[in-house]
Amino acid sequence: MSTTDPVREPLTGTLIFERGALESRCVEAPVLDVPPVSLGEVLGGQARTAPPVLPHVTEVEIARHYEHLASANFGVDSGFYPLGSCTMKYNPKVDEWACRLPGFAGIHPYQAEETVQGALELMWGLQEALAEVSGLTAVTLQPAAGAHGELTGLLAIRAYHTANGDPRRRVLVPDSAHGTNPATVAMCGYEVAQVPSDGRGGVDLEALTRLLDTDVAAIMLTNPNTLGLFDENILAITEAVHAVGALAYCDGANLNAILGKSRPGDAGFDVMHINLHKTFGTPHGGGGPGAGPVAVTEALAAYLPGPVVVRDDVGAFTLRTPERSIGRVRSFLGNFGILVRAYTYIRALGGSGLTAVAEQAVLSANYVKELMRDSAWDIAYDRTCMHEFVLSGGRLRKETGVRTLDVAKRLLDHGVHPPTVYFPLIVDEALMIEPTETEGKATLDGFAAVLRAIAEEALADPGLLQSAPYTTPVRRLDEAGAVKSPDLAWRPRGDVDA
Ligand SMILES: *Cc1c(COP(=O)(O)O)cnc(C)c1O
């Protein structure tokens with residue numbers, strides 16, 4: 001690559017390894033004033049024989065390099081990020097402050113319990129708060145992500161059935177489910193049976209009844225579902241599931257929609273995971289380091305992974321492994337820094353603040369949905385939605401040849417991160433929008449206006465959209481290639497001894 005702009009390189013320009021010069025130094029080591037030792041003697045066969053291949057750059061070049069990389073990335077602090085189901089909401093900075101307090105950041109999970117009572121109390125308080133908002137009894141904070149919570153919850157269900165001498169083979173999953181649900185079912189050794197949705201976007205009750213028998217271990221249900229709809233028959237569903245001795249698993253990734261309004265435990269769910277990153281505004285971790293705690297009923301508490309934090313009679317906090325625990329699912333005590341952030345978020349908002357989160361999330365989604373009425377897009381299920389709603393770009397595609405993927409790419413040129421596309425699978429050319437409760441009205445108005453402007457572009461010049469984006473650090477990627485054959489390794493230049 002040529003260095004077209006030595007001051008501000010494009011992302012695809014030179015790598016830090018290719019910059020600088022051999023004589024550049026970041027740090028000058030002081031003259032050695034102790035007797036030298038031979039690394040070969042100290043490390044035996046483990047000592048390296050050639051120096052490591054490190055970039056030769058000055059300190060300010062390193063600073064600029066990372067500053068540039070950081071600004072090439074898109075995040076919720078840089079622009080609107082209405083990624084449906086993923087809840088990319090603003091993460092309050094006070095949470096970052098709290099988790100960096102030396103009393104939290106400087107401790108170690110192997111410290112004696114009596115020296116970390118404050119940290120254990122925080123975990124206990126978070127367990128209690130999650131039990132309260134979920135309407136369930138016992139909580140584990142170990143899982144590192146939502147999908148990891150699913151695995152944990154379903155393994156607990158399997159252990160429960162096995163302990164009852166009734167292992168069962170099948171788990172029901174609606175066709176609107178997040179892809180992690182059927183994946184979890186398969187990983188736990190169960191067969192997936194798909195339940196169709198009805199015309200209103202909820203579970204088809206008749207089909208459910210046909211599928212239910214004593215070989216069904218559980219149903220995994222997202223409520224509100226990925227269409228942003230609260231299932232109107234939720235009580236009938238959990239009742240029918242329990243009637244055949246199966247358990248009800250709630251995918252509670254999007255608990256932000258119902259905080260303080262409705263509790264899955266009250267609706268008859270036995271197990272749920274809660275994505276702290278989607279509900280309580282902690283950073284998403286790309287599959288970890290996030291947190292996906294699992295809450296369960298009394299009947300399942302004994303199967304949770306350990307350790308969980310318990311408070312004894314005199315108010316001391318200790319770690320305990322539940323009696324019939326499925327075992328650990330994560331090292332140490334889970335992602336403690338994330339737990340501190342979530343606890344801070346909960347305490348900063350309080351009960352009425354958390355309820356306001358749900359109200360605002362639902363109001364924002366319905367507001368944007370109404371702004372999209374009579375546009376080039378169709379509202380897939382035209383009902384009052386919860387935290388998100390789904391548009392279909394089917395008509396736009398028919399009229400202009402422009403696909404939802406092209407619209408998504410063009411949104412990047414307008415400074416908006418694209419919504420989730422082509423999911424849920426049951427909506428043609430789906431565009432799933434979740435504005436979240438943290439955005440102001442002006443941003444929501446601006447987004448709706450941009451979507452309408454893009455529809456006009458599609459009518460006038462479809463090719464413009466089909467080649468978008470134009471303003472991003474990299475243009476349109478070969479997405480299949482990026483997944484199937486990524487080339488992530490840097491190979492040293494010939495003039496550096498590898
Ligand atoms: C995000 C999400 C998951 C998975 O959570 P991760 O933390 O990304 O593993 C599962 N189900 C639903 C409905 C989700 O939105």
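The values are calculated or read from the model by the stated rules, or taken from the named source; none is laboratory data. No experiment lies behind these values; they were computed from the predicted model shown. Cβ atoms come from the backbone with ideal geometry, glycine included; neighbour counts cover every protein chain shown. Accessible surface areas use protein heavy atoms only, side chains included; no ligands, DNA or RNA. Shrake-Rupley method; radii C 1.70, N 1.55, O 1.52, S 1.80 Å.
Segment 364-399 and segment 430-452 have Cα centres lying 11 Å from one another. Charging the Cβ of each Asp and Glu at -1 and of each Lys and Arg at +1, and nothing else, the dipole of the chain about its Cα centre rounds to 300 debye. Peptides 157-165, 83-91, 450-458 ordered by packing proxy, namely the average of other Cβ atoms within 10 Å per residue, highest first: 83-91, 450-458, 157-165. Computed in the context of the full set of protein chains, the accessible area of segment 358-484 at 1.4 Å probe radius has 56% of its extent on carbon or sulfur.
Take the Cα of Asp166, go 7 Å toward its beta carbon, and the backbone nitrogen atoms of segment 191-227 under 12 Å from that spot belong to 213-218.
Please find the FRET efficiency linking Ala72 to Leu205, where r is the Cβ-Cβ separation and R0 is fixed at 51 Å, and quote it to the nearest 0.05.
On the way: r = 49 Å, r/R0 = 0.96.
Once the sixth-power term is evaluated, E becomes 0.55.
Quickly estimate the mean residue ellipticity at 222 nm for the chain, helices only: each DSSP H run with n ≥ 4 gives -39500 (n - 2.57), and the total goes over all residues, rounded to 500. Before the final figure, lay out the partial values.
Details: 16 runs with 179 residues, N = 498.
Calculated at 222 nm, the ellipticity per residue is -11000 deg cm²/dmol.
Using a 1.4 Å probe on the protein chains only, how many percent of the accessible area of segment 14-71 belongs to carbon and sulfur?
Details: 2940 of 4800 Å².
Its accessible area is 61 percent carbon and sulfur atoms.
Using 24 Å as the Cα-Cα cut-off, could you pick out the over-long pairs in Lys409/Lys484; Lys89/Lys261; Lys93/Lys261? The answer is Lys93/Lys261.
Per residue, how much accessible area does segment 253-364 show when a 1.4 Å probe rolls over the protein heavy atoms, in square angstrom? Numbers along the way, then the final one.
On the way: 4220 Å² over 112 residues.
Normalised by residue count, the accessible surface of segment 253-364 is 38 Å².
Within the set of other residues whose C-beta is less than 15 Å from the C-beta of Gly281, count the net charge using Lys and Arg as +1 and Asp and Glu as -1.
Values: positive: Lys89, Lys93, Lys278, Arg341, Arg347; negative: Asp77, Asp95, Glu96, Glu434, Glu437, Glu439.
My count for the surroundings of Gly281 gives -1.
Taking a Cβ cut-off of under 11 Å around Asp406, the surrounding Lys, Arg, Asp and Glu residues balance to a net charge of +3, with basic ones at +1 and acidic ones at -1.
When the Cα positions of Pro109, Leu126, Ile274 are compared along the charge dipole of segment 94-348, Pro109 comes out farthest toward the positive end, with charges on each C-beta of Lys, Arg, Asp and Glu. When you count the other C-beta atoms within 10 angstrom of each residue and take the mean per peptide, 260-269, 463-472 line up highest first as 260-269, 463-472. With all protein chains in place and a 1.4 Å probe, the accessible surface of segment 94-348 carries 53 percent carbon and sulfur.
Taking 7 Å steps out from each Cα toward its Cβ at Trp490 and Arg395 produces label points 5.0 nm apart. Accessible surface computed residue by residue for segment 14-71, with neighbouring protein chains in place and a 1.4 Å probe, gives 83 Å² per residue.
Using 0.36 nm per residue, how much length does the chain from Glu479 to Asp374 gain when fully extended, once their Cα-Cα distance is taken away? The partial results should precede the final answer.
Values: separation 105, 0.36 × 105 = 37.80 nm, distance 3.22 nm.
Additional length available on full extension: 34.6 nm.
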